[in-house]
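Below is one structure; the comments refer to it alone.
The values are calculated or read from the model by the stated rules, or taken from the named source; none is laboratory data. Note that the coordinates shown come from a computational prediction; the quantities given were computed from them, not determined experimentally. Counting neighbours? That spans all protein chains shown, and the Cβs are built from the backbone with ideal geometry, glycine included.
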Amino acid sequence: MPQIIVTADRGSDRGEGTVTLRERICISDFDSQTFAEHLVERLGWAVGDAHEAEQQQSSPARESAAQS
């Protein structure tokens, strides 16, 4: 089944970004206007969360560089 995944570019120590949304969908889900509207809302939240995760991950790196 297809899925939508939103991740931060930077994240865990294994080099994988933090997953902020993973949702399995099927084509019939889009028959519902309500589903489509809610999906866009969830995508917006996930993108915002991924952005915050990236900012938090880059802050310690900036502090270390500034102290050098």
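Here are the numbers for the structure shown:
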read-out: Residue within the range 21-34 that is at pLDDT 95 or above and aromatic (F, W, Y) present; value: no
read-out: The listed residue being over 10 Å from the mean Cα position of the chain (by Cα), surrounded by 13 or more Cβ atoms within 10 Å (Cβ to Cβ) and either at pLDDT below 85 or not acidic (D, E) (or both), out of G17, G11; value: G11
